[in-house]
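Scroll down for the structure; my scribbles are underneath it.
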Amino acid sequence: MRRAAAGRVPLRRSLLGRLLGVSALVAACSVAATAWIAVQTTSGAIKQEQGQNLTADARIYDTLLEYAARNPTWDGVDATVRELARESGRRVALTTQNRQPLADSAAAASAPALPPQASAVVDPLSVDTVLAARGADGRGAAADRIDPRAVGPFRLSAADGSALRRKADDKVACLNRAGIASDVVVGASGRPRVQVVGNDPERAQGTRCDLADLDTPTRSERKALDTLTELADACLKRQGREGVRLNNDLSWGDPVPVAVPGEAGPVAPRPEPAPAAPGEAAPSVTGPERTGENDRAIASCVGTARSEQLSSYVASPALLFIGDEGGATLPGFELSPANSARIAGAAALVLALTVGASVFAGTRLVRPLHALTGAAQRMRNGEEPASVPVSGDDEVGRLAAAFNDMSAHRARLEEQRKAMVSDVAHELRTPLSNIRGWLEAAQDGLADPDPAFVSSLLEEAVLLQHIIDDLQDLAEADAGALRLHPEPVEGRELLGQVAAAHQARAEGAGVTLVVEAAAPGPELHADPVRLRQAVGNLVSNAVRHTPRGGRVTLRAYASEEGGGAVLIEVADTGSGIPARDLPHVFDRFWRAEKSRSRRTGGSGLGLAIVRKLVEAHGGTVEAASTEGEGSVFVLRLPATPPDGASLTGRPDGTP
């Protein structure tokens with residue numbers, strides 16, 4: 001019940017610490033959950049957006065690459081650029097390698113400046129393999145990075161293309177009659193070829209449909225192939241190597257019946273000759289020595305020769321810039337409605353959890369406060385005070401403990417108040433009843449108002465006045481209005497004055513009253529009138545409870561413990577006080593006689609007044625007793641007055 005008086009509560013167990021902990025935990029969980037959900041959602045959206053942008057960028061690149069492969073200049077590309085921008089919702093801009101504008105889908109007046117880094121370089125003779133691999137039709141670049149759609153002089157004329165198309169249609173019809181499904185496919189150069197369903201040309205070898213005459217080069221193709229061979233031979237001769245004979249598919253060695261450039265794709269050597277047709281002798285391998293190093297040199301020269309040959313047939317390299325729809329060339333990003341809804345839902349969930357945790361923590365913190373409020377309300381309404389549960393050793397727990405102490409103390413004070421009212425009523429009722437009885441008897445003629453009658457009434461009035469004076473002294477002491485006038489007092493002299501005042505009563509009771517104090521006695525600073533009143537109450541009480549032939553001794557001496565204290569002792573050889581009653585001797589209206597008989601006199605306020613007067617001087621009073629042997633009351637008073645003792649009678653000396 002005294003935990004409220006302990007020191008400061010450790011932060012980890014305090015109300016403040018718990019509030020900070022709960023707030024920090026809720027904030028950390030909220031931030032972590034929101035950040036995790038936002039990162040996951042945003043990352044997924046960004047990846048999806050990046051994938052879509054990369055696919056769109058590859059389609060734009062592939063379309064412009066095809067335009068460059070089929071046209072010798074960029075003239076007229078504006079319409080293509082605007083169409084690509086409309087379809088993709090992006091800004092598309094083309095410039096020369098010197099950053100001179102060629103085409104831009106953004107309005108020139110409002111378009112932001114182009115960034116220092118281009119998205120890609122559109123060059124059909126040096127294809128970006130990453131973007132080309134993600135092209136619209138999945139077409140990749142050749143091994144020499146030349147776009148397969150760049151055919152240049154190998155492009156067929158309209159007449160040659162029509163003639164070959166008729167032959168291809170005849171071959172397809174022949175194969176269809178033989179039960180082999182096939183179709184005509186036209187390549188970038190305009191040369192048609194027959195494609196068997198399932199892409200298995202060997203199925204057509206056992207038929208009468210000869211497909212070999214479709215692979216015979218036209219006059220323009222032969223001329224272009226001869227020019228390419230000359231360029232490749234010149235490159236090889238500069239390296240001191242033997243010239244090479246190129247086949248229709250740009251391989252070297254024996255001719256192989258396959259498509260011309262633009263149809264087969266990669267430029268590569270033929271490590272083995274093509275298998276001979278049935279009934280034909282296997283062709284021999286001619287040309288330079290077949291080694292890995294020589295083949296790499298030939299492939300390099302053929303690639304260089306192709307670039308040189310095609311350079312005048314394709315558009316010059318251009319810088320490609322792809323940006324967001326607003327005109328900026330930096331990539332933009334916006335969350336989709338689904339992702340926005342996910343983030344909003346996650347935020348609402350985190351908010352709900354936060355509110356729930358706060359309500360839970362707040363409820364646990366407020367519950368004991370509600371109990372305290374209810375208990376205080378019941379006390380105000382006059383109900384029986386009840387203690388509230390103490391949940392812990394934090395601030396709220398200590399508040400509950402302090403409230404319980406206050407409630408118990410208030411209950412004790414209330415009991416004392418009721419007892420005091422009852423005692424005051426009892427103490428005043430007796431003399432008033434006696435006075436009233438005698439006066440009514442005299443009024444009725446039953447008693448004569450002789451001197452004995454008047455003496456009896458005077459005795460009862462004096463007793464009544466004594467009780468009222470004692471109550472007034474206690475009221476002033478309780479209110480701090482008991483004024484003291486301290487001055488130097490010699491202890492032996494004060495005890496002599498008290499003994500002289502009570503000598504007649506002691507002799508009448510057959511009790512010896514003795515003062516034992518050295519001359520001169522110890523000095524103290526006190527109000528002599530109030531101090532004589534306190535010592536006189538003790539002497540009067542001792543004489544009353546000491547049988548005839550007994551002894552009451554007064555002593556005054558300095559404390560051996562130091563500290564400048566003076567002890568005044570009143571000892572008697574009376575009946576003594578039982579140990580169970582000793583703690584109550586200074587209570588108001590308390591008497592050892594439970595019958596409250598007036599045979600021994602006294603109102604039960606004398607010792608209570610003694611304690612108040614001594615405390616007003618800044619001292620203490622103690623009692624010790626042995627039943628059947630006597631009692632000793634000791635006043636411990638300071639030799640020097642406490643601060644402010646000359647002003648009021650508060651025990652702490654404050655005004």
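The values are calculated or read from the model by the stated rules, or taken from the named source; none is laboratory data. Only a predicted model underlies this, so the values are computations on that prediction, with no experimental measurement involved. All Cβ positions, glycine included, derive from the backbone under ideal geometry; neighbour counts span all protein chains shown. The accessibility values were calculated without ligands, DNA or RNA, using every heavy atom of the protein model including side chains. Shrake-Rupley method; radii C 1.70, N 1.55, O 1.52, S 1.80 Å.
Scan the range 380-405 for residues that are surrounded by 15 or more Cβ atoms within 10 Å (Cβ to Cβ) and aliphatic (A, V, I, L, M) and jot them down.
Matches in the range 380-405: Val388, Val390, Val396, Leu399, Ala400, Ala401, Ala402.
Of all residues in the range 353-379, which are open to solvent by 60 Å² or more (accessible area, probe 1.4 Å) and without any contact (Cβ under 8 Å) to a residue 40 or more places away in the chain?
The answer is Val355, Val359, Phe360, Thr363, Arg364, Arg367, Leu369, His370, Thr373, Gln377, Arg378.
A quick yes/no check of all residues on (1) assigned to a helix (DSSP H, G or I); (2) of a type outside the set (Gly, Ala, Ser); (3) modelled with pLDDT of 75 or more:
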| site | (1), (2), (3) |
| --- | --- |
| Gly374 | yes, no, yes |
| Arg378 | yes, yes, yes |
| Gly382 | no, no, no |
| Ala411 | yes, no, yes |
| His426 | yes, yes, no |
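Test Val186 against the stated conditions and say whether it is open to solvent by 40 Å² or more (accessible area, probe 1.4 Å), modelled with pLDDT of 85 or more and closer than 18 Å to Ala69 by Cβ.
It is true that Val186 is open to solvent by 40 Å² or more (accessible area, probe 1.4 Å), modelled with pLDDT of 85 or more and closer than 18 Å to Ala69 by Cβ.
Filter the range 470-507 down to residues that are under 60 Å from the mean Cα position of the chain (by Cα) and part of a loop (DSSP other than H, G, I, E, B) and give me whichever is nearest to Gly574 (Cα to Cα). Explain how you work it out, then say what you get.
Just the residues of the range 470-507 that are under 60 Å from the mean Cα position of the chain (by Cα), to begin with: 474-482.
Next cut, part of a loop (DSSP other than H, G, I, E, B) only: 480-482.
Working: Gly480: 35, Ala481: 35, Leu482: 32 Å.
The extreme case among them is Leu482.
If you scan the range 488-513, which residues turn out to be open to solvent by 30 Å² or more (accessible area, probe 1.4 Å), more than 16 Å from Leu524 (Cα to Cα) and either of a type outside the set (Asp, Glu) or touching a residue at least 60 places away in the same chain (Cβ under 8 Å) (or both)?
Just the residues of the range 488-513 that are open to solvent by 30 Å² or more (accessible area, probe 1.4 Å), to begin with: 488, 490, 492-493, 496-497, 500-505, 507-509, 512.
Add one more test, that the residue is more than 16 Å from Leu524 (Cα to Cα), and what stays is 500-505, 507-509, 512.
Within the range 488-513, Ala500, Ala501, His502, Gln503, Ala504, Arg505, Gly508, Ala509, Thr512 meet the criteria.
Would the range 543-551 turn up any residue that is more than 24 Å from Phe586 (Cβ to Cβ), open to solvent by 40 Å² or more (accessible area, probe 1.4 Å) and either touching a Leu at 6+ places or on another chain (Cβ under 7 Å) or aromatic (Phe, Trp, Tyr) (or both)? Write out each step before concluding.
Here is the first cut: in the range 543-551, the ones more than 24 Å from Phe586 (Cβ to Cβ) are 548-549.
With the extra rule that they be open to solvent by 40 Å² or more (accessible area, probe 1.4 Å), the set shrinks to 548-549.
Next, from what is left, pick out any that are either touching a Leu at 6+ places or on another chain (Cβ under 7 Å) or aromatic (Phe, Trp, Tyr) (or both): none.
No, that holds for no residue.
Residue under question is Thr573, and the condition is that it be at pLDDT 75 or above, hydroxyl-bearing (Ser, Thr, Tyr) and in contact with a Ser or Thr (Cβ under 7 Å, 6 or more places away or on another chain); does it hold?
yes
Looking at Leu439, Leu513, which one is outside any loop (DSSP other than H, G, I, E, B), at pLDDT 90 or above and in contact with a helix residue (DSSP H, G or I) (Cβ under 8 Å, 6 or more places away or on another chain)? Before you say what the answer is, go through the steps one by one.
Values: Leu439 fails: at pLDDT 90 or above.
Selected residue: Leu513, the only one of Leu439, Leu513 that is outside any loop (DSSP other than H, G, I, E, B), at pLDDT 90 or above and in contact with a helix residue (DSSP H, G or I) (Cβ under 8 Å, 6 or more places away or on another chain).
It is to be established whether one or more residues within the range 449-469 are closer than 30 Å to Thr640 by Cα and either open to solvent by 60 Å² or more (accessible area, probe 1.4 Å) or assigned to a helix (DSSP H, G or I) (or both).
Our first condition is that a residue be closer than 30 Å to Thr640 by Cα; within the range 449-469, this holds for 469.
Cutting the leftovers down to either open to solvent by 60 Å² or more (accessible area, probe 1.4 Å) or assigned to a helix (DSSP H, G or I) (or both) gives us 469.
Looking through the range 449-469, at least one residue is closer than 30 Å to Thr640 by Cα and either open to solvent by 60 Å² or more (accessible area, probe 1.4 Å) or assigned to a helix (DSSP H, G or I) (or both).
Do you know which residues across the range 516-541 are open to solvent by 30 Å² or more (accessible area, probe 1.4 Å) and in a helix (DSSP H, G or I)?
Val529, Arg530, Arg532, Gln533, Asn537, Asn541
Mind listing whichever residues of the range 80-119 are in contact with a helix residue (DSSP H, G or I) (Cβ under 7 Å, 6 or more places away or on another chain) and farther than 12 Å from Phe321 by Cα?
Thr80, Leu84, Ser88 - these are the residues of the range 80-119 that are in contact with a helix residue (DSSP H, G or I) (Cβ under 7 Å, 6 or more places away or on another chain) and farther than 12 Å from Phe321 by Cα.
Only residues that are open to solvent by less than 20 Å² (accessible area, probe 1.4 Å), assigned to a helix (DSSP H, G or I) and touching a residue at least 40 places away in the same chain (Cβ under 8 Å): list them for the range 142-183, please.
Within the range 142-183, Gly152, Phe154, Leu164, Ala168 meet the criteria.
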